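Asks: Once you've had a glance at the structure underneath, I'll fire off some questions.
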Amino acid sequence: MSGMPEALLAIAGRRLGPGARAEPLSGDASTRRYFRVTAREGRAVGAVYPEPFCCGDEPFVEMQQLLSVWGVPVPEILECDGPRGALLLEDLGDETLQRAVEGGLRPEELRATYREALGQLSAFQRAAAASGSTASCFRVAFDVEKLSWELHYFEKHFLEGLRGARLSVEDRSTLALAFLRLAEEMASWPRVLCHRDFHSRNLMRHRGRLYWIDFQDARLGPVTYDAVSLLRDSYVDIDAELAGELGEEFRQSAAASESREQFERKLALTAVQRNLKALGTFGYQATVRSNSVYLPYVPRTLASARRLLARQPELAALRRVLASHIEELS
């Protein structure tokens with residue numbers, strides 16, 4: 001069994017035959033554990049949950065079925081055993097978009113790959129809007145409460161938790177007001193269905209195309225949210241000129257009714273919120289879960305936040321408080 005969790009043994013045997021062996025894979029920021037399962041009749045990826053679940057209600061399963069219907073490339077679900085808290089998925093290999101970019105994609109291939117990703121995203125948004133679905137992902141949204149919670153999560157786990165900032169009463173008041181204003185504006189924009197973590201670690205290069213993973217947290221939000229996650233990625237550097245060009249192409253496809261100036265402003269504000277939220281996650285993983293794997297991505301994310309804050313006069317108060325506690329933002 002070679003370390004195979006009991007939860008995977010039965011479903012691996014049913015699908016892949018006898019002699020199954022498991023190799024741990026690096027996971028995401030959730031409590032799930034992932035394994036590459038190899039047996040006589042092939043291989044797959046196993047996901048083990050901390051608790052049992054109902055397959056029909058599990059968000060990953062629900063979203064996988066929706067995305068498949070909408071034509072989005074996603075891994076096939078080979079087996080679902082809710083009582084044991086396990087899924088067996090199609091193995092998409094190891095080449096994330098992050099790994100491909102770091103491996104040195106040629107400029108023309110990089111451009112084509114990001115265009116493919118944004119083309120898939122635009123098609124996904126249109127298909128979701130036209131679907132009439134009542135799935136659970138359409139009943140949750142990046143509303144004021146959620147966006148504000150993520151910003152205060154950054155305050156707690158990155159600013160205070162990881163960086164040890166000692167915030168004054170005035171600092172907290174300024175942050176609370178700035179966070180609320182940013183959340184209220186973003187929540188007021190028209191909403192589309194969002195992947196929610198649409199970045200280079202969640203896009204796999206497989207069989208000559210990009211496949212989506214880690215989509216179980218999909219919810220309604222701004223049309224800019226997923227585009228920003230990809231083009232202002234914490235995990236890879238994208239040339240600013242190329243990111244601007246791709247952002248404009250996406251606007252023409254997904255938000256043509258908005259002017260370029262309006263859309264770029266929304267991209268910038270979304271990116272500020274998204275960058276701070278990511279830093280909160282990195283801080284939480286390091287300080288609460290003793291997981292340092294995300295710390296190498298802090299400098300890139302801070303550099304992006306610094307550039308964005310400097311270009312948005314309406315965020316001057318937010319920038320001032322953050323810069324007083326985070327050297328990289330000064």
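The values are calculated or read from the model by the stated rules, or taken from the named source; none is laboratory data. Please read all numbers here as calculations on a predicted model, not as lab measurements. When we count neighbours, we look across all protein chains shown, and the Cβ atoms used for this are built from the backbone with ideal geometry, even at glycine.
Asks: Kindly list the number of the only condition in (1) in contact with a Ser or Thr (Cβ under 7 Å, 6 or more places away or on another chain); (2) outside the structural domain of residue 198 (by TED's automatic domain parsing) that fails for residue 105.
Replies: Every listed condition holds for residue 105 apart from (2).
Asks: Scan region 70-106 residue by residue and report those that are surrounded by fewer than 13 Cβ atoms within 10 Å (Cβ to Cβ) and free of Cβ contacts under 8 Å to residues at least 24 places away in the same chain.
Replies: 76, 94, 103, 104, 106, listed by residue number.
Asks: When you check residue 135 against the structure, is it outside the structural domain of residue 59 (by TED's automatic domain parsing), surrounded by 15 or more Cβ atoms within 10 Å (Cβ to Cβ) and at negative phi, yes or no?
Replies: yes
Asks: Take the conditions touching a helix residue (DSSP H, G or I) at 6+ places or on another chain (Cβ under 9 Å) and either at pLDDT 85 or above or assigned by TED's automatic domain parsing to the domain that holds residue 206 (or both) and apply them to residue 24. Does it pass?
Replies: So residue 24 does not fit the description; no.
Asks: If I ask for residues that are assigned to a strand (DSSP E or B), out of contact with any Gly (no Cβ under 6 Å at 6 or more places or on another chain) and more than 20 Å from residue 265 (Cβ to Cβ), which ones from region 205-245 would you list?
Replies: 205, 209, 210, 211, 212, 219, 220
Asks: Among (1) of a type in the set (Gly, Ala, Ser); (2) in contact with a helix residue (DSSP H, G or I) (Cβ under 8 Å, 6 or more places away or on another chain); (3) assigned to a helix (DSSP H, G or I), there is one condition residue 44 misses while meeting the rest; what is its number?
Replies: Every condition holds for residue 44 apart from (3).
Asks: Give the residues of region 184-200 that are surrounded by fewer than 24 Cβ atoms within 10 Å (Cβ to Cβ) and of a type outside the set (A, V, I, L, M, F, W, C), sorted by residue number.
Replies: Once the filter is applied, which keeps residues that are surrounded by fewer than 24 Cβ atoms within 10 Å (Cβ to Cβ) and of a type outside the set (A, V, I, L, M, F, W, C), region 184-200 yields 184, 185, 188, 190, 191, 196, 197, 200.
Asks: Hey, could you check region 70-84 for residues that are of a type outside the set (D, E, K, R) and under 23 Å from the mean Cα position of the chain (by Cα) and say which is nearest to residue 9 (Cα to Cα)?
Replies: Applying the filter and picking the extreme gives 77.
Asks: How about region 187-229: which of its residues are within 21 Å of residue 259 (Cα to Cα) and touching a residue at least 60 places away in the same chain (Cβ under 8 Å)?
Replies: The answer is 189, 192, 221, 222, 223, 225, 226, 227.
Asks: Still on this structure: Looking at this structure, is residue 118 in contact (Cβ under 8 Å) with a residue 12 or more places away in the chain, more than 29 Å from residue 17 (Cα to Cα) and either assigned by TED's automatic domain parsing to the domain that holds residue 211 or of a type in the set (Ser, Thr, Tyr) (or both)?
Replies: Criteria met by residue 118.
Asks: Out of 129, 117, which single residue is closer than 30 Å to residue 189 by Cα, out of contact with any helix residue (DSSP H, G or I) (no Cβ under 9 Å at 6 or more places or on another chain) and modelled with pLDDT of 95 or more?
Replies: 129
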